[in-house]
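Below: one structure, written as structure tokens.
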Amino acid sequence: VGIRAADEAGIEAAVGALRQGQLIGLPTETVYGLAADATDPAAVARIYAAKGRPQFNPLISHVPDLAAAETHGIFNAAALALAQAFWPGPLTLVVPRRPTSPVAELACAGLATIALRAPAHPVAQAVLRAFGNPLAAPSANLSGRLSPTTAADVVAELGDRIALALEGGAARVGLESSIVACVEGAPRLLRPGGVSREALEAVVGRLAAPGAGIEAPGMLASHYAPRAKLRLDAVSPLPGEAFLAFGPTAAAGALNLSPTGDLTEAAANLYAFLRRLDAQGPAMIAVAPIPYAGLGEAIRDRLVRAAAPRP
Ligand code: TXA
Ligand code: MG
């Protein structure tokens, strides 16, 4: 299956496929999504099948804007403030689900809450507005693998399971959305992501930690993994290791997430560079220390999960 230009004909073809319950590769500013009509249970089931994903992982429902989101979820003051500050953009809000929402139970894994995101990418916006229904879309990779940041990545991994992938360029953010639950009590950061903790807390105050137990399967210990093993906080590579550098002091010639030490640039490059190193077939990828500030929290979160022992 091929990549389609996201011109009028491409958008129309994507909407036609979605109407028939098929899956498409959808560019967003975070990572590419594997999208289906969130109101069609059979189409949602096809997402789980295509990814080889455990059935109980709930999916994010993508909508064009806050007005559309409010038809599916109940927004408290914190959720409204966050949506107004960061939508459209790389933020997902988990809120109580409206009983009248037509989103399939399966997309919410039977939970009383729903995850909603209004993506900023113009192609995602065009598809959402032309289609009219919310789109359930996890990242367009096989379960447990690196998220795709280009249309070519999507086709390489899932090309035989989708109707088409729309071309949307390299994902600008490069990391999944931040997930904040606004259900009861203080908002909780379920997954660090494309909006930094500092930026979120400037709007709603201190974020609580996620509760006990796995609330978001992105929180499984091993996730977002390349084939190679990872060694973190490596100052330099050992013989035989591939090296992923960061910052101005890093080894010359190594693949560098950001030679200037810019964490936003590093986030945008993370998955693509891990894929590139992984393609060389090393047993181990050594990764330079990444500071914790800003998007560093999300980058470190993904690296720690990628480095964890595999199930
Ligand atoms: O940037 C992103 O968020 C990308 C793009 C495509 O939008 N999507 C993405 O989806 O990362 P996925 O399925 O890989 O991750 C969605 C996360 C999962 O960890 C899931 O458990 C969590 O959202 N989630 C969904 N509904 C939830 C709910 N009701 N309560 C708690 N977590 C929820
Ligand atoms: Mg994912």
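Listed here are the residues, each with its yes/no results for (1) open to solvent by 10 Å² or more (accessible area, probe 1.4 Å); (2) charged (D, E, K, R); (3) free of Cβ contacts under 8 Å to residues at least 40 places away in the same chain.
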residue: Gly261; (1), (2), (3): yes, no, yes
residue: Asn269; (1), (2), (3): yes, no, no
residue: Ala272; (1), (2), (3): yes, no, no
residue: Ala283; (1), (2), (3): yes, no, no
residue: Ala286; (1), (2), (3): no, no, no
residue: Ala293; (1), (2), (3): yes, no, no
residue: Asp301; (1), (2), (3): yes, yes, no
residue: Val304; (1), (2), (3): yes, no, no
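Taking Gly169, is it away from ligand 2 (no atom under 16 Å from the Cβ) and either closer than 16 Å to Ala120 by Cα or part of a loop (DSSP other than H, G, I, E, B) (or both)?
So Gly169 passes the test.
Screening Ala152 with (1) away from ligand 2 (no atom under 14 Å from the Cβ); (2) within 17 Å of the chain's Cα centre (by Cα); (3) over 24 Å from Trp87 (Cα atoms); (4) open to solvent by less than 20 Å² (accessible area, probe 1.4 Å) gives one miss only, at (4). Filtering the range 225-245 to residues that are under 10 Å from Ala308 (Cα atoms) and out of contact with any strand residue (DSSP E or B) (no Cβ under 6 Å at 6 or more places or on another chain) leaves only Ala225.
Of the residues making up the range 121-137, those that are touching a helix residue (DSSP H, G or I) at 6+ places or on another chain (Cβ under 9 Å) and either closer than 14 Å to His72 by Cβ or surrounded by fewer than 24 Cβ atoms within 10 Å (Cβ to Cβ) (or both) are Val123, Ala126, Leu128, Ala130, Phe131, Gly132, Asn133, Pro134, Leu135, Ala136.
Of all residues in the range 108-123, those satisfying the criterion of being outside any loop (DSSP other than H, G, I, E, B) and within 16 Å of ligand 2 (Cβ to nearest atom) are Ala115, Arg117.
Per this entry, Glu201 is not counted among residues that are more than 13 Å from ligand 1 (Cβ to nearest atom) and under 22 Å from Asn57 (Cα atoms). Every condition in (1) away from ligand 2 (no atom under 16 Å from the Cβ); (2) at negative phi holds for Gly21 except the one numbered (2).
Residue under question is Val235, and the condition is that it be surrounded by fewer than 19 Cβ atoms within 10 Å (Cβ to Cβ) and over 25 Å from Ala170 (Cα atoms); does it hold?
Considered against the rule, which asks whether it is surrounded by fewer than 19 Cβ atoms within 10 Å (Cβ to Cβ) and over 25 Å from Ala170 (Cα atoms), Val235 comes out as yes.
If you go through the range 138-150 and pick out every residue that is farther than 18 Å from His62 by Cα and within 13 Å of ligand 1 (Cβ to nearest atom), you end up with 5. Summed over the range 94-111, residues that are open to solvent by 80 Å² or more (accessible area, probe 1.4 Å) and under 13 Å from Ala38 (Cα atoms) total 1.
I'm trying to understand the selection: among the residues of the range 1-39, which are open to solvent by 20 Å² or more (accessible area, probe 1.4 Å), in a loop (DSSP other than H, G, I, E, B) and modelled with pLDDT of 95 or more? Listed by number, the residues that qualify are Ala5, Ala6, Asp7, Gln20, Gln22, Thr39. Checked against the criterion of being more than 15 Å from ligand 2 (Cβ to nearest atom), of a type outside the set (Lys, Arg) and under 19 Å from Leu158 (Cα atoms), the candidates Asp65, Asp7, Asp37 yield just one match: Asp37.
Being away from ligand 2 (no atom under 16 Å from the Cβ), at pLDDT 95 or above and outside any loop (DSSP other than H, G, I, E, B) is a property that Leu80 has. Checked against the criterion of being at pLDDT 95 or above, closer than 30 Å to Ile3 by Cβ, in contact with an Asp or Glu (Cβ under 6 Å, 6 or more places away or on another chain) and surrounded by fewer than 23 Cβ atoms within 10 Å (Cβ to Cβ), the range 65-73 contains not a single residue that satisfies it.
Test Arg231 against the stated conditions and say whether it is within 26 Å of Leu91 (Cβ to Cβ) and either in contact with a Leu (Cβ under 8 Å, 6 or more places away or on another chain) or at pLDDT 95 or above (or both). Criteria not met by Arg231.
When every residue of the range 163-185 is checked against the conditions, none turns out to be more than 28 Å from Asn269 (Cβ to Cβ), at pLDDT 95 or above, among the basic types (Lys, Arg) and within 13 Å of ligand 1 (Cβ to nearest atom). Taking residues in the range 84-108 that are basic (Lys, Arg), and partners anywhere that are outside any loop (DSSP other than H, G, I, E, B), the pairs with Cβ atoms closer than 7 Å and at least 6 places apart or on different chains are Arg97/Gly73; Arg97/Cys108; Arg97/Thr113; Arg97/Ile114; Arg98/Gly73.
The values are calculated or read from the model by the stated rules, or taken from the named source; none is laboratory data. Since the structure is predicted, the reported quantities are computational estimates derived from the model, not experimental observations. Methodologically, a virtual Cβ is constructed for each residue, glycine included, from the backbone with ideal geometry; neighbour enumeration extends over all protein chains shown. Just so you know, the surface numbers come from the protein's heavy atoms only, side chains and all, with ligands and any DNA or RNA stripped out. Shrake-Rupley method; radii C 1.70, N 1.55, O 1.52, S 1.80 Å.
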